[in-house]
Amino acid sequence: MRVCVIGTGYVGLVTGACLAHVGHHVICVDNNEEKVKLMKAGQSPIFESGLSEILQSCIQAGTIEFTTDLQAGVHHGQILFIAVGTPALPNGQSDTRYVEAVARGIGAHLNEEYKVIVNKSTVPIGSGDWVRMLVLDGYAERQATVEAPMVVGGGGNAVVETAIALAKEPKFDVISNPEFLREGSAVYDTFNPDRIVLGGSSPQAIALMQELYAPIVNRQFGEDPTLPPVPVVTTDLSSAEMIKYAANAFLATKISFINEVANICDRVGANVVEVARGIGLDSRIGSKFLQAGIGWGGSCFPKDVSALIHTADDYGYEAQLLKSVVSVNQRQRLIVVEKLQQVLKILKGKTVGLLGLTFKPDTDDLRDAPALNIIEQLTRLGTKVKAYDPIISQSGMRHGISDVLVETDSERLADGCDALILVTDWQEFRTLDFVRLAKLMHSPVIIDGRNFLDQEIVEQAGFRYVGIGR
């Protein structure tokens with residue numbers, strides 16, 4: 001099938017590359033010329049496991065192209081994915097101006113072919129009808145510009161034919177197809193999804209989307225092709241949009257819940273790791289997202305929970321539980337600083353090293369990372385902050401971390417430190433030479449902000465170990 005993906009961030013680029021990999025002909029559109037040049041050369045602008053290899057193979061196979069020409073993409077695609085960013089505004093509302101611009105642009109370039117326009121971006125509930133309106137607005141604006149020269153004095157047969165074509169109602173439907181990709185394993189999640197959600201009222205559009213996803217539904221590219229087909233949830237537009245928000249809000253709630261329990265465990269002498277294991281064996285609860293630590297961050301959970309709270313406010317309902325989830329998470333980010341104060345007492349003049357900066361492992365994403373709050377608080381308290389991150393240290397990215405000395409390896413990080421804080425649970429941190437690190441430090445203290453390290457190994461190496469809720 002012919003696919004156009006507009007926007008090449010984490011969602012758009014992974015979606016486009018994976019659909020090209022299963023055999024569709026994909027054109028990815030982005031308005032950033034440098035980014036397009038990079039992708040044409042087979043290089044991924046984001047760090048995502050397995051993505052670069054898929055990009056290069058699809059370019060060689062001729063199943064994926066990159067362009068800044070929106071018209072070319074719209075004319076090419078039977079199915080048009082809107083996959084631009086919807087960042088949170090200061091009031092918690094989603095910033096939908098990029099979606100609006102793309103929807104109008106699609107309308108301005110529609111031809112006579114029937115199109116399925118897919119909301120892949122996480123958009124406020126009710127956006128399906130709003131996008132349809134914007135597409136029609138863009139179409140009408142183009143119609144007005146074509147008709148104008150005819151009124152003045154004609155414009156030739158080509159203009160007449162175009163005007164006649166535009167006079168007809170454009171043939172398209174809008175579908176909501178929310179993504180459930182985890183950064184760091186987005187390629188895996190695309191080929192091995194828990195479910196695919198399709199929201200819309202058009203049987204024709206739903207049928208085309210089912211045809212598009214058939215290779216994935218049938219697990220032709222999945223890790224275990226013997227599993228039953230991937231469940232496909234077909235519903236209305238608003239319910240599909242709500243499914244996305246509700247899923248992320250629930251996962252964020254589980255994390256804030258176990259962090260609340262961890263803080264109580266610290267006070268009563270219980271071990272939250274054992275508590276989580278015990279309650280996670282209950283099939284009604286499950287073990288996932290019960291890892292206590294410094295809370296959630298990134299581009300999805302903060303934005304989506306805030307957007308759902310804002311939507312509730314718009315309709316006269318106060319989402320008290322979700323507001324508490326956010327409040328617990330904000331406080332949890334600074335728990336490691338409190339624990340550091342309990343151990344070192346005065347932080348002014350001390351040097352603290354952060355193990356990890358990104359909001360989670362296997363990504364280069366610093367958006368709303370807990371590390372940023374920790375750095376801000378430590379700096380305010382007069383602490384010198386150093387950091388080592390397997391990706392950030394190599395990439396040279398410094399956005400939001402200008403006050404931090406970013407080291408190139410863990411030994412340089414530990415040298416002269418009064419304490420280390422494990423911020424991101426990168427796998428390589430499990431196997432560090434803790435004996436060597438302890439000898440390089442002024443005082444061998446480690447705050448394990450993810451309960452990720454083997455406490456016994458770390459303590460045998462000479463460290464004072466402090467976990468969360470342990």
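The values are calculated or read from the model by the stated rules, or taken from the named source; none is laboratory data. Note that the structure is predicted; figures quoted are calculated from it, not measured. With ideal geometry, Cβ positions are generated from the backbone for all residues, glycine too; neighbour counts draw on all protein chains shown. Surface accessibility is based on the protein's heavy atoms, side chains included, excluding ligands, DNA and RNA. Shrake-Rupley method; radii C 1.70, N 1.55, O 1.52, S 1.80 Å.
Quick notes on this structure:
- Solvent exposure of the chain amounts to 45 Å² per residue of accessible area, where only protein heavy atoms count and the probe is 1.4 Å.
- Taking other residues whose beta carbon is less than 15 angstrom from the beta carbon of Q78, and scoring Lys, Arg as +1 and Asp, Glu as -1, yields -1.
- Here is the list for region 337-366: trypsin sites (Lys or Arg not before Pro) lying in DSSP coil, each with at most 15 other C-beta atoms within 10 angstrom of its C-beta, are K345, K348.
- Reach of K37 by Cα under 27 Å, taken over lysines that are not fewer than 8 positions away in the same chain: K120
- Contour excess over end-to-end distance, with Cα ends at T235 and Y114 and 0.36 nm allotted per residue: 41.4 nm
- F172 long-range amide H proximity, modeled H, under 5 Å: K115
- Positive minus negative residues near E411 (Lys, Arg vs Asp, Glu; Cβ under 9 Å): -2
- For region 295-364, relative contact order (Cα pairs under 8 Å, six or more residues apart, normalised by length) works out to 37 percent.
- Acute angle (nearest 10 degrees) that the helix 97-109 long axis makes with the longest principal axis of the chain, alpha-carbon atoms: 20
- DSSP bridge pairs, the chain: antiparallel proportion in percent, nearest 5: 5
- Accessible area of the chain belonging to carbon and sulfur atoms, whole % at 1.4 Å probe: 52
- Gain on full extension, evaluated as 0.36 nm per residue between Q204 and D224 minus their Cα-Cα distance, stands at 4.2 nm.
- Between the entries (i) 29.5; (ii) 25.7; (iii) 30.7, the label attached to mean projected area of the Cα convex hull in nm² calculated for this structure is (ii).
- Note on K339: lysines with a C-alpha under 30 Å away, same-chain residues under 8 apart excluded, are K254, K288, K303, K323, K348, K350, K360, K384, K386, K439.
- Note on the chain: helix-only mean residue ellipticity at 222 nm, from DSSP H runs of 4+ residues weighted -39500 (n - 2.57) and normalised by residue number, equals -14500 deg cm²/dmol.
- Spin-label model, E33 to A61: label points 7 Å out along the Cα-to-beta-carbon direction sit 3.2 nm apart.
- Per residue, the average separation of C-alpha pairs within less than 8 Å and at least 6 apart gives the chain a relative contact order of 11 percent.
- Proximal charge balance of G128 [Cβ under 12 Å; K/R count +1, D/E count -1]: -3
- Accessible area, probe 1.4 Å, largest first, for residues R195, R450: R195, R450
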